[in-house]
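Readers should treat all values here as calculations from the given coordinates under stated rules, not as data from a laboratory. Quantities reported herein were computed from a predicted structural model and do not represent experimental measurements. Every residue, glycine among them, receives a Cβ derived from its backbone with ideal geometry; neighbour counts consider all protein chains shown.
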Amino acid sequence: MYSTMGATGTLRTAVYISLAVMLLAFFAWAPPMWTYTLMAVLLVLFALWEPNRAGRLRDGWMPTGSMSRKEVLARFRQSYTSTGWACVAVGVGNLVFGIAKFLDGETGVARSLFIGVFFAALGVVAFECRRILDSPPSSPATSAGSE
C-alpha cells in the first residue's frame, strides 16, 4: 500500500528534527554551541532543498506512488501552508518571549531570539515553496535569444 509519508517526508523530517533541536536548546541549562550550528545547517539545507523540489513538482516531476498529480500537488500545498504557519507561530512566539526576557533582565535572550528567527525563516521558506508550486510551469524552450 502507498504511504503518504513519501510525498512530504523530507519537509516533515526537517521540521521534526528542528523542533527536537529547539527543545533541546530551550530546555538545556547551557545549550552547547553545536545545537545552534545544527539548526543553522538544517535551515540552509531546507532552504536549498525544498524550493528546488517545489520547482521540480511544478514542472512535472512526480514522487513514486499511486496518487494522481492533482492529489500530490494538493498535499504538498497543504503541507507547505501548515508548516509555514506553524513555523511562523513558533518563531514569533520565541521572539516575543526573548523580548520579554530582555525587558525583565533575564538570561537566555540570545537563545530565544535565535530560535525565533530560525523558525520564522523556516516558515518563510515554506511559504516560498507554496508560491513556487502555485506559479506557472517554466518552459524549457524559452531562451534569451528566442525573444
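Numbers for the structure displayed
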| quantity | calculated |
| --- | --- |
| DSSP-loop GluC sites (Glu not before Pro) across region 49-130, with at most 13 other Cβ within 10 angstrom | Glu106 |
| Chymotrypsin sites (Phe, Trp or Tyr not before Pro) restricted to region 58-147 and DSSP loop, no more than 15 other C-beta within 10 Å | Trp61 |
| Computed E for Ala40/Val92 - FRET, C-beta separation, R0 25 angstrom, nearest 0.05 | 0.80 |
| For region 51-109, Kirkwood radius (reciprocal of mean inverse C-alpha pair distance, Å) | 14.2 Å |
| Virtual spin-label span in nm between Ser68 and Tyr16, 7 Å along Cα→Cβ | 3.0 nm |
| Extent along principal axes [Cα atoms of region 30-83; Å; largest to smallest] | 48, 19, 18 |
| Inverse of mean 1/r across different Cα pairs in region 41-142, Kirkwood, Å | 15.2 Å |
